[in-house]
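Q: Below is one structure. I have some questions about it.
The values are calculated or read from the model by the stated rules, or taken from the named source; none is laboratory data. Just so we're clear, the structure is a prediction, and the values are computed from it rather than from any experiment. In this analysis, Cβ positions are derived from the backbone assuming ideal geometry, glycine residues included, and neighbour counts consider all displayed protein chains.
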Amino acid sequence: MTFVAAYRFEDARRLIIEQVSAARERPEAEFVPLDLAVDRVLAADVHADRDYPPTDRSVRDGFAIRAADVPGELFIAGEVPAGSGATLELLPGQAIEIMTGAVVPGGADSVVMVEHVTVTGDRVLVERTAQPGDFINSLGSEALKGDTVLRAGVRLGFAQIAMLASVGVVEAPVFRKPVVAIIATGDEIVEPHETPLPHQIRNSNAHSLAAQVRQAGGQPEILPVARDNFEATAALIERGLGASLLLLSGGVSAGKYDLVEQVLARFDAEFFFDRVLIQPGQPLVFGRARSKFFFGLPGNPASTMVCFAVFARAAVELLSGQDSVSLPMLESVLATDFKHRPGLTRFLPARVSEDGATVTPTQWTGSADIAAMARSNAFLVADPEKPEYKAGERIRVLMR
């Protein structure tokens, strides 16, 4: 095995994105009902089936007028409710009452809001000026027939679902989810339904990873635990390399029974890096074997969660067909003083306030502290060259 120097997290993440983007093939497409398409990745461009809007429409309740007629008093010549197919023609000196979403009558070039007029009988007094186009959503201003309204590679959120429904898509073309194999390693691991002995732990990592994979758009496949045995681990890794991506948890440190990298070498694995300058999660392995990418994630739960969020999630998103990935990093104001040892970028459990204005580090005992992770809603991102922060200072936060 040939290893490379440890990477800063930004460089490691960039390398992952470059490697996966260059090697991936688009997944096969399938059609799913519109209401089941949320969070899936669109597999084909979607085009407008008509002009949007198909006519000039009012965006306010009020009166359709000619801008040149106001200020002044106008005769109310009728009304146009939303959904009406009636066609009215506005004459000079007239106004037509109109509702939000209704078709603007011919001859009208402006809408004045109902709050800005005085109605007396069949007359409406408009005391302010108007400009042509005021409060009118003009024909084709959103999209013209044939325009691309959604491009392949976008993940479908609620707004994109609304767009699909608007153009008449009832079954969305989406990419098949990539299968992500998950293998936890270690003789100390038992399954969640089992009662562990004092020297054992339940298999939380496989299930937290499965949840993160689903959130990233993948289909998790949890394989049996790989015990600290070379041949047994090799058999499971061979099975895992049949998936789109392989995630291994544990067994990547320098311990006597940390076998993952040795086993991967049997498969002529190419190792891009085996250490990243972060905490928790330094002993992170990224590579490729049999044309499949793999991550060897540190076994402590917080390390596993951080490394997936910062690194492996991007690979899953790309393999799911997304054209681009992002890291939801923002800045918040520290609610308390904070210190850390310099040299590593630290992703530490924290809680961002409901209004997003402040962030408070969560008390924790280290990277095995699942309870602290469960109390948190973000990772505080401490700069490797800044060992001390004061309350009120701004600091980066990775949202979860």
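Q: Across segment 118-148, what is the total count of residues that are among the β-branched types (Val, Ile, Thr), surrounded by fewer than 20 Cβ atoms within 10 Å (Cβ to Cβ) and touching a residue at least 12 places away in the same chain (Cβ under 8 Å)?
A: 3
Q: Now, a different point. Residue check: is Gly85 out of contact with any helix residue (DSSP H, G or I) (no Cβ under 8 Å at 6 or more places or on another chain), more than 18 Å from Asp134 (Cβ to Cβ) and surrounded by 13 or more Cβ atoms within 10 Å (Cβ to Cβ)?
A: Against the criterion (out of contact with any helix residue (DSSP H, G or I) (no Cβ under 8 Å at 6 or more places or on another chain), more than 18 Å from Asp134 (Cβ to Cβ) and surrounded by 13 or more Cβ atoms within 10 Å (Cβ to Cβ)), Gly85 does not qualify.
Q: Continuing with the same structure: What number of residues within segment 359-400 satisfy the criterion of being free of Cβ contacts under 8 Å to residues at least 60 places away in the same chain, farther than 17 Å from Ser208 by Cβ and crowded, with 16+ Cβ neighbours inside 10 Å?
A: 7
Q: Can you give me the number of residues within segment 263-296 that are surrounded by fewer than 18 Cβ atoms within 10 Å (Cβ to Cβ), part of a helix (DSSP H, G or I) and without any contact (Cβ under 8 Å) to a residue 60 or more places away in the chain?
A: Qualifying residue count for the region: 1.
Q: Let me ask something additional. Just checking, how many residues over segment 312-340 are closer than 26 Å to Val359 by Cβ, of a type outside the set (Gly, Ala, Ser) and outside any helix (DSSP H, G or I)?
A: Selection size over segment 312-340: 13.
Q: In addition: Test of understanding: among Leu284, Leu259, Leu264, Leu277, which residue is over 23 Å from the mean Cα position of the chain (by Cα), at pLDDT 95 or above and more than 21 Å from Pro27 (Cα to Cα)?
A: Answer to the check: Leu277.
Q: Just the residues that are touching a Pro at 6+ places or on another chain (Cβ under 9 Å) and part of a loop (DSSP other than H, G, I, E, B), please, taken from segment 102-116.
A: Of everything in segment 102-116, those that are touching a Pro at 6+ places or on another chain (Cβ under 9 Å) and part of a loop (DSSP other than H, G, I, E, B) turn out to be Ala102, Gly107, Asp109.
Q: Would it be correct to say that Ala159 is farther than 23 Å from Phe308 by Cβ, at pLDDT 95 or above, part of a helix (DSSP H, G or I) and under 31 Å from the mean Cα position of the chain (by Cα)?
A: yes
A quick yes/no check of all residues on (1) over 24 Å from Phe271 (Cβ atoms); (2) of a type in the set (Asp, Glu); (3) in contact (Cβ under 8 Å) with a residue 60 or more places away in the chain:
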position: Pro298; (1), (2), (3): no, no, yes
position: Ser303; (1), (2), (3): no, no, yes
position: Leu318; (1), (2), (3): no, no, yes
position: Gly321; (1), (2), (3): yes, no, yes
position: Ser326; (1), (2), (3): yes, no, no
position: Val333; (1), (2), (3): yes, no, yes
position: Thr336; (1), (2), (3): yes, no, no
position: Lys339; (1), (2), (3): yes, no, no
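Q: Spot the failing condition for Val169; the list is (1) surrounded by fewer than 15 Cβ atoms within 10 Å (Cβ to Cβ); (2) assigned to a loop (DSSP other than H, G, I, E, B), and only one is missed.
A: Here Val169 meets the rest and fails (1).
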